[in-house]
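This report concerns only the one structure given below.
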Amino acid sequence: MVSGPTLLHGFTGSAAEWGDALEGLRAAGFSPAALDLPGHGARRGEEDDAAFTLDATLSSVEAVHQPGGPLLGYSMGGRLALHFACRNPDRISRLVLESASPGLTREEDRSDRRRADARLADRIIKSGVASFVDEWQSLELFESQKRLTATERARVRAGRLANDAASLAAALRGLGTGTLPSLWERLHEISTPTLIIVGELDPKFTEIGVRMVQDLPDARLAVVPGSGHNVHLEKPAEWRETVATFLRGA
């Protein structure tokens, strides 16, 4: 078995959401490991603000990630994987970023996003997880997931409903796009071979991916046809083949 990769999930997800993806990577000869980010999965119920800082989160990744192995992150997890790569360039052999962004460059935009996330955090606590999940799933970002089977949609919804309102709110406030610093001006420092994988039906992150490839020293972009934001969920076979080929060094 080939070591790694370590996988970091997105907001409202957990290590368990990678189930089929993990099995696919194992079948391809890898030994992947997924961890729960603060307030998610086995860490559901966390509310201590100290757990939701960038430093604490990267330390938890470092505790699990095997030095020299590949690192893979989806959405929020991809943003955190980028921060990890900037801080620990020698600990990663290959970097995979699925539908991820380096952040917002303008302080005005970051401030607006922080306020929006704070309002959403308040709504989650006030209205509860079920109401939030309905709102979250209705976002245009996840429109393509309506193409999933009823069974798949139910599984995704159940995973989101398993979250804790206070923990999700804390994750938004502590690890949101507006809270974390932008890495656009530091992309040139990441010499690690990088795969950016996005869905064809996700124009926002496809555009971000194109820009990132231009700034990263050693990066390639894979646009998966017929997929939206969550490629590993919507197109698992294509995701597995694309990621496995990259991790093998092809």
Item to check | Solvent-accessible area of Ile190 with every protein chain in place, 1.4 Å probe, in Å² to the nearest 10 | outcome: 10
Next on the checklist: Taking the full set of protein chains and a 1.4 angstrom probe, give the accessible area of Arg114 in square angstrom, rounded to the nearest 10.
Outcome noted: 80
Checklist entry - Hey, if you put +1 on the Cβ of every Lys and Arg and -1 on every Asp and Glu Cβ in the chain, which of Leu183, Gly228, Val61 ends up farthest toward the positive end of that dipole? => result Gly228
Item to check | Within-15-Å neighbourhood charge of Ser131 [Cβ basis; K, R +1; D, E -1] | outcome: +1
Item to check | Relative contact order for the stretch 122-241, counting Cα pairs under 8 Å that sit 6 or more residues apart, in percent | outcome: 24
Checklist entry - Based on the mean of other beta carbon atoms within 10 Å per residue, what is the order of 148-157, 230-239, most packed first? => result 230-239, 148-157
Checklist entry - Assuming R0 = 41 Å, what is the FRET efficiency of Leu139 and Gln66, from their Cβ-Cβ distance, to the nearest 0.05? => result 0.75
Next on the checklist: Give me the net charge for the shell around Asp117: Cβ to Cβ below 14 angstrom, other residues only, Lys and Arg +1, Asp and Glu -1.
Outcome noted: +4
Next on the checklist: Within 12 Å, Cβ to Cβ, of Gly174, how many net charges do the neighbouring residues add up to if Lys/Arg are +1 and Asp/Glu are -1?
Outcome noted: -4
Item to check | Debye log10 I(q)/I(0) at q = 0.11, 0.16, 0.21 Å⁻¹ for the stretch 163-237, Cα point scatterers | outcome: -0.39, -0.76, -1.00
Checklist entry - Which whole-number value in Å² is the accessible area per residue of the chain, probe 1.4 Å? => result 44
Checklist entry - Excluding same-chain residues fewer than 8 positions from Lys235, which aspartates and glutamates have a Cα within less than 16 Å of its Cα? => result Glu17, Asp20, Glu23, Glu98, Glu143, Glu152, Glu200, Asp202
Checklist outcome for this item: Options (1) -0.45, -0.66, -1.14; (2) -0.39, -0.59, -1.08; (3) -0.35, -0.53, -1.07 are given for log10 I(q)/I(0) by the Debye sum over Cα atoms at q = 0.09, 0.11, 0.15 Å⁻¹, and the computed one is (3)
Item to check | Within the chain, percent of DSSP bridges classed antiparallel, to nearest 5 | outcome: 5
Checklist entry - Taking the Cα centre of the stretch 165-250 as origin and charging only Cβ (+1 Lys, Arg; -1 Asp, Glu), how large is the dipole, in debye to the nearest 20? => result 180
Next on the checklist: Compute the distance from the alpha-carbon center of the stretch 78-153 to that of the stretch 11-57, in whole Å.
Outcome noted: 14
Checklist entry - Counting alpha carbon pairs within less than 8 Å and at least 6 residues apart, what relative contact order, in whole percent, applies to the chain? => result 22
Checklist entry - Relative to the Cα centre, what is the charge dipole magnitude of the stretch 66-150, using +1 at the beta carbon of each Lys and Arg, -1 at the beta carbon of each Asp and Glu, and rounding to the nearest 20 debye? => result 200
Checklist entry - Which percent of the accessible area of the chain is formed by carbon and sulfur heavy atoms (probe 1.4 angstrom)? => result 50
Checklist outcome for this item: Given the candidates Leu82, Phe30, Gly45, the one whose Cα lies deepest towards the positive end of the charge dipole of the stretch 14-82, counting +1 at each Lys or Arg C-beta and -1 at each Asp or Glu C-beta, is Phe30
Checklist entry - Treating the beta-carbon of each Lys and Arg as +1 and of each Asp and Glu as -1, no other charges, what is the dipole magnitude of the stretch 3-50 about its Cα centre, to the nearest 20 debye? => result 260
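The values are calculated or read from the model by the stated rules, or taken from the named source; none is laboratory data. Because the structure is a prediction, the values reported are computed rather than measured. Neighbour counts run over all protein chains shown; Cβ positions are idealised from the backbone, glycine included. Keep in mind that these areas ignore ligands, DNA and RNA; they rest on the heavy atoms of the full protein, side chains included. Shrake-Rupley method; radii C 1.70, N 1.55, O 1.52, S 1.80 Å.
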